[in-house]
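A.B. asks: Can you read through this structure? Questions will come right after.
The values are calculated or read from the model by the stated rules, or taken from the named source; none is laboratory data. Values in this document were obtained by computation on a predicted structure and should not be read as measured data. As a convention, Cβ positions derive from the backbone with ideal geometry for all residues, glycine included, and neighbour counts pool all protein chains shown. The accessibility values were calculated without ligands, DNA or RNA, using every heavy atom of the protein model including side chains. Shrake-Rupley method; radii C 1.70, N 1.55, O 1.52, S 1.80 Å.
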Amino acid sequence: MLVVDHITKSSFNDTDSFLFENVSLSVQATEWISIIGPSGTGKTTLLNCIAGINQIDGGTIELDGFPVHNLTESQKSDIRRLQIGFIFQDFKLLPYYSVLENVVLPLSKDKKSDQIRKKAVHLLNQVGINKSYYNRLPSGLSGGEKQRVAIARALINDPKLIICDEPTGNLDNDNKKQVLQILTELKQKGHAIIVVTHDDEVAYEGDRLYELKNNSLSEVVKVL
Ligand SMILES: Nc1ncnc2c1ncn2[C@@H]1O[C@H](COP(=O)(O)OP(=O)(O)OP(=O)(O)O)[C@@H](O)[C@H]1O
Ligand SMILES: [Mg+2]
């Protein structure tokens with residue numbers, strides 16, 4: 001489903017050096033890939049490249065045969081809206097929209113509103129956000145509540161590829177377990193999942209484990 005082939009990304013502040021080089025990765029439907037690595041090595045940037053948010057400086061990225069790296073901005077934005085669910089490290093909830101509106105927004109121009117609303121309510125329920133939160137603005141939520149709303153929003157379009165950047169970073173143990181359960185079920189239903197995490201327990205849930213370190217990505221053999 002996703003094939004990342006020898007991609008290279010220059011450093012943001014020095015185009016003569018690389019943040020990462022020759023990174024290759026493929027993820028199939030029903031697969032969960034975890035990526036670990038020290039802070040600042042470029043994990044979030046790699047995810048942004050895969051989603052077409054950041055440009056790459058070499059190599060190719062194909063999602064279901066579509067060359068993400070070569071698409072126009074509007075094509076990339078359509079792919080993100082319809083095929084990718086992105087759980088951002090910093091949530092990126094829209095501050096002037098309510099919890100329910102944030103979850104509904106990615107699909108608001110594509111489907112009937114009562115249908116999406118129903119789905120949004122179901123997803124919010126799954127991540128443990130109840131009705132009394134629906135009309136709140138993100139500023140009135142705790143970090144963990146924001147993270148769970150962001151997870152519900154990422155799943156509203158039933159994405160083929162789910163990209164998670166530290167999806168459990170702000171959650172207590174119970175909520176973390178619940179999110180891991182949701183991701184496992186999505187994987188079993190045929191979604192492809194990429195998780196970046198600093199949490200070993202989360203990383204080990206993946207079918208394959210990679211580390212981004214010293215400018216390159218390598219597979220790590222899991223020690224059980
Ligand atoms: N838009 C940007 N402009 C300038 N520098 C950036 C930008 N985005 C990222 N960087 C820099 O690129 C490097 C990689 O950042 P990135 O966020 O990808 O790291 P990370 O591996 O996700 O780290 P963490 O584990 O802390 O989330 C960092 O040194 C960061 O400061
Ligand atoms: Mg990051």
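A.B. asks: Which percent, to the nearest 5, of DSSP beta bridges fully inside segment 2-220 are antiparallel? Write out the running numbers ahead of the final one.
C.D. replies: Values: 18 of 35 bridges.
About 50 percent, rounded to the nearest 5.
A.B. asks: Would you work out the charge dipole size for the chain about its Cα centre, treating the Cβ of every Lys and Arg as +1 and the Cβ of every Asp and Glu as -1, and quote it to the nearest 20 debye? Display every interim value, and only then the final one.
C.D. replies: Details: 25 positive and 28 negative charges, 231 e Å.
Here the size comes out at about 1100 debye.
A.B. asks: With every protein chain in place, what's the accessible area of K177 (1.4 Å probe, Å², nearest 10)?
C.D. replies: Accessible area, nearest 10 Å²: 100 Å².
A.B. asks: For segment 1-95, just say rounded, prolate or oblate: build the C-alpha gyration tensor, square-root its eigenvalues into a ≥ b ≥ c, call rounded for a/c under 1.5, and beyond that prolate if a/b exceeds b/c, oblate if not.
C.D. replies: Values: a/c = 1.30, a/b = 1.18, b/c = 1.10.
Taking the square roots of the gyration eigenvalues as a ≥ b ≥ c, segment 1-95 is rounded.
A.B. asks: V220 to H122: FRET efficiency via 1/(1 + (r/R0)^6), r the Cβ-Cβ distance, R0 25 Å, to the nearest 0.05?
C.D. replies: Numbers: r = 36 Å, r/R0 = 1.42.
Calculated transfer efficiency: 0.10.
A.B. asks: What pairs from K9/K76; K9/K177; K43/K76; K131/K177; K119/K177 go past 27 Å between their alpha carbons? Walk me through the intermediate numbers first.
C.D. replies: Working: K9/K76 18 Å; K9/K177 34 Å; K43/K76 20 Å; K131/K177 22 Å; K119/K177 22 Å.
Pairs exceeding 27 Å: K9/K177.
A.B. asks: Here's a follow-up. For segment 22-29, what does the Karplus curve 6.51 cos²θ - 1.76 cosθ + 1.60, with θ = phi - 60°, yield as ³J(HN,Hα) per residue in whole Hz, taken in order and with x for Gly and Pro?
C.D. replies: Rounded to whole hertz, the list is 6, 7, 10, 6, 9, 10, 9, 4.
A.B. asks: State, to one decimal in nm, how far the label point of Q28 lies from the label point of S142, with both points 7 Å from Cα in the Cβ direction.
C.D. replies: For the pair Q28/S142, the computed spacing is 4.1 nm.
A.B. asks: Choose one of V196, V103, S17: the residue whose Cα lies farthest towards the positive end of the charge dipole of the chain (beta-carbon charges +1 Lys, Arg; -1 Asp, Glu; about the Cα centre).
C.D. replies: Final value for the positive-end residue is V103.
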